[in-house]
1. So Pro139 ticks every box in (1) in a loop (DSSP other than H, G, I, E, B); (2) closer than 18 Å to Ile66 by Cα but one. Which box is left unticked?
2. Hey, Ala211 hits all of (1) surrounded by 10 or more Cβ atoms within 10 Å (Cβ to Cβ); (2) without any contact (Cβ under 8 Å) to a residue 40 or more places away in the chain; (3) outside any loop (DSSP other than H, G, I, E, B) but one; which does it fall short on?
3. Go through (1) assigned to a helix (DSSP H, G or I); (2) touching a residue at least 60 places away in the same chain (Cβ under 8 Å); (3) among the charged types (D, E, K, R); (4) in contact with a helix residue (DSSP H, G or I) (Cβ under 7 Å, 6 or more places away or on another chain) one by one and return the number of the condition Glu153 breaks.
4. Consider Pro97 carefully, then state whether it is loosely packed, with under 15 Cβ neighbours inside 10 Å, assigned by TED's automatic domain parsing to the domain that holds Ile117, modelled with pLDDT of 90 or more and not hydrophobic (A, V, I, L, M, F, W, C).
5. Which one of these is of a type in the set (Ser, Thr, Tyr), surrounded by 13 or more Cβ atoms within 10 Å (Cβ to Cβ) and either within 20 Å of the chain's Cα centre (by Cα) or within 27 Å of Leu225 (Cα to Cα) (or both): Ser77, Ser113?
6. Can you tell which of Leu216, Leu221, Leu163, Leu187 is in a helix (DSSP H, G or I) and modelled with pLDDT of 95 or more?
7. As an exercise: evaluate Gln247 against (1) assigned to a helix (DSSP H, G or I); (2) modelled with pLDDT under 95 and give the number of the one condition it does not meet.
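The values are calculated or read from the model by the stated rules, or taken from the named source; none is laboratory data. No experiment lies behind these values; they were computed from the predicted model shown. A quick note on method: Cβ atoms are made from the backbone with ideal geometry, for glycine too, and the neighbour counts reach across all protein chains shown.
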Amino acid sequence: MRPLRHAYIFVLECVIGFDRNFITDRSAVSTNIASSLRFIIIIFPISEEISFYLDSVGLTATADSIIASSSSGITMSVIQSDCKHPERCVIGHPFNPPHMIPLVEVVGGNKTSPEAIQQAMAFYAAIGKKPINLRKELPGHAANRLQAALYREVVYLIEQGILSVEDADAAVSWGPGLRWGVMGPSLLWHLGGGEGGIRHFMEHLMDPLAAMMKTLGNPELTSELKQTITQGVLREAGDRSVEQLTQEESEMLLGLLRLRAGSGRM
């Protein structure tokens, strides 16, 4: 059988690699991995064989173990369709870079039990993550879709010649992006409503915002536009390597996370 070379089981800080030849040996899985674990996170590339790996681990796990997949491209209802214990299977989707960003999106499939969702939420919270529960399945889950919605407008503004790549990035990172690192957009509209808060905002300011929403663009992502964005990003990066930019991002994220932890509002 073809090995799955980039498949892993993550349990807290324990990382165990396996391939399909290994996991087919149910006794080896039971002895080495799943028989003593209560919560198993499986991370592997998108594949039609995903149910096989999920089910293979599930068959050897303890009866009350929760099996979580990090998949963003395949919904849990599809993944669990051939599993023998689908009620124990959930999606636990982290946000990049996952070793730093607290967010984890938890979503069940059609056959996932409410108890499995509750246990997954409790597990991620217990290890310092910020889990959110998606009540319905949809491609890409929630955070990636929010990211895509914003970037669609960024690309539109670049396509229309309204902003350069550099200014579009500045508009986000030096404007609303700073506030979004502190509070979510709906809570910020509560502040935007002044003394009347969100009620005032909804009564007097939401309609103009809704009218603006109707003017948002839908760019045609041509090869020329891709090249324009690529050149703009390279200008913006300057002589900083990807590794250096990653280090800058990490340092700023750590500072923000410390501030948020200190406020007690994580």
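1. Of the numbered conditions (1) in a loop (DSSP other than H, G, I, E, B); (2) closer than 18 Å to Ile66 by Cα, the odd one out for Pro139 is (2).
2. The single condition Ala211 does not satisfy is (1).
3. So the condition that Glu153 fails would be (4).
4. On the way: loosely packed, with under 15 Cβ neighbours inside 10 Å: yes; assigned by TED's automatic domain parsing to the domain that holds Ile117: yes; modelled with pLDDT of 90 or more: yes; not hydrophobic (A, V, I, L, M, F, W, C): yes.
Against the criterion (loosely packed, with under 15 Cβ neighbours inside 10 Å, assigned by TED's automatic domain parsing to the domain that holds Ile117, modelled with pLDDT of 90 or more and not hydrophobic (A, V, I, L, M, F, W, C)), Pro97 qualifies.
5. Values: Ser113 fails: either within 20 Å of the chain's Cα centre (by Cα) or within 27 Å of Leu225 (Cα to Cα) (or both).
So the residue among Ser77, Ser113 that is of a type in the set (Ser, Thr, Tyr), surrounded by 13 or more Cβ atoms within 10 Å (Cβ to Cβ) and either within 20 Å of the chain's Cα centre (by Cα) or within 27 Å of Leu225 (Cα to Cα) (or both) is Ser77.
6. On the way: Leu216 fails: in a helix (DSSP H, G or I); Leu221 fails: in a helix (DSSP H, G or I); Leu163 fails: in a helix (DSSP H, G or I).
Just one listed residue meets the conditions, Leu187.
7. For Gln247, the failing item is (2).
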